[in-house]
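First the structure, in the form of structure tokens, and then the observations on it.
The values are calculated or read from the model by the stated rules, or taken from the named source; none is laboratory data. Remember, it's a predicted structure, so these values are computed and weren't measured experimentally. Because the Cβ atoms are built from the backbone with ideal geometry, glycine has one as well, and the counts that use them run over all protein chains shown. The area values use the complete protein model at the heavy-atom level, side chains included, leaving out ligands, DNA and RNA. Shrake-Rupley method; radii C 1.70, N 1.55, O 1.52, S 1.80 Å.
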Amino acid sequence: MDAFYVRINKEATVTERRALVAQARHRFQNARQAHPRLTEFEVQQLLMQQEIARASAIGKWKDRWLVHPLPSKAEPQKAVCYLTDFQDHTPDHLASLYLKASLHAVDRFFMLIRRRLSLLERPVATPSASGRTWYGYAAYNPATIVKLLEIFRVAYNYVWAGQDGKTPAMRLGLARAAITLEDLLYFDAHAEPLRQRRKADRSGGGRTVPVRRRSELLRDPKPMEDEAVPWG
């Protein structure tokens, strides 16, 4: 598992974001012309390796921060710090890891939480008395939110598939296939593999639903292949 700190300038204006992306594109094109035999991804790696060489230690813990050479409009002035660097990667693979560091997945996760969990919707500002807000869907018991977030976290990683038909767990090689919400909510750790469980009344008119062991849904992770990182 590789972990990174990522810092961006959320206060940057649209004009500033466009200027930063234009500067990055100009630098990228110059590097590509200087190295015509390299692929687009290899040029990205080269630029990142240059920034890795310039990285400086900051603070008490000597964290090594670098400026991302290819920021996007969504993540202007991006800076990255590798938290789990054990000096066991090749320069090319290390550069590819830095290129993948982003807050996009975290931002999307928070957005889905706001949209799918009414208890965590943003508060509504009241017209009277400046600064006061109204939490119309706030939970009476905070423990309820903790339980919902735990269910949501597992559903996000193992149930909901993206446009590629894969869940986040499948993309990381942690699962063979997506599970259903029923598998999640009614999971039985002691169930026999693929045992049929009826979801119907005593009349027997319902369908049968397989109950899987956790070991059938999970598998050992495989290394991710390097690929060009979209930006701009």
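The residue of region 95-115 that is nearest to Arg64 (Cα to Cα), among those that are open to solvent by less than 30 Å² (accessible area, probe 1.4 Å) and part of a helix (DSSP H, G or I), is Tyr98. Candidates are the residues of region 78-92 that are at pLDDT 95 or above and either aliphatic (A, V, I, L, M) or at positive phi (or both); the one that is farthest from the chain's Cα centre (by Cα) is Ala79. Checked against (1) at pLDDT 90 or above; (2) open to solvent by less than 80 Å² (accessible area, probe 1.4 Å); (3) closer than 30 Å to Ala53 by Cβ, Gly165 passes all but a single condition, namely (3).
Considering only residues that are of a type in the set (A, V, I, L, M), over 18 Å from Ser102 (Cα atoms) and open to solvent by 60 Å² or more (accessible area, probe 1.4 Å), which ones fall in region 40-70?
If we filter region 40-70 for residues that are of a type in the set (A, V, I, L, M), which is where we start, we get 43, 46-48, 52-53, 55, 57-58, 66-67, 70.
From what's left, over 18 Å from Ser102 (Cα atoms): 43, 46, 53, 57-58.
Ala53, Ile58 - these are the residues of region 40-70 that are of a type in the set (A, V, I, L, M), over 18 Å from Ser102 (Cα atoms) and open to solvent by 60 Å² or more (accessible area, probe 1.4 Å).
Against the numbered list (1) hydrophobic (A, V, I, L, M, F, W, C); (2) touching a residue at least 12 places away in the same chain (Cβ under 8 Å); (3) in a loop (DSSP other than H, G, I, E, B), Leu38 comes up short only at (2). The single condition among (1) in contact with a Leu (Cβ under 6 Å, 6 or more places away or on another chain); (2) open to solvent by 90 Å² or more (accessible area, probe 1.4 Å); (3) modelled with pLDDT of 85 or more that Tyr137 does not meet is (3).
Quick one: in region 11-35, which of the residues that are closer than 28 Å to Ile58 by Cα, free of Cβ contacts under 8 Å to residues at least 40 places away in the same chain and in a loop (DSSP other than H, G, I, E, B) is least open to solvent (accessible area, probe 1.4 Å)? Result: Thr13. Within region 173-212, restricting attention to residues that are modelled with pLDDT under 90 and under 24 Å from the mean Cα position of the chain (by Cα), the residue that is least open to solvent (accessible area, probe 1.4 Å) is Asp183.
Within region 71-90, the only residue that satisfies the criterion of being among the β-branched types (Val, Ile, Thr) and either buried (at least 19 other Cβ atoms within 10 Å of the Cβ) or touching a Ser or Thr at 6+ places or on another chain (Cβ under 7 Å) (or both) is Val80.
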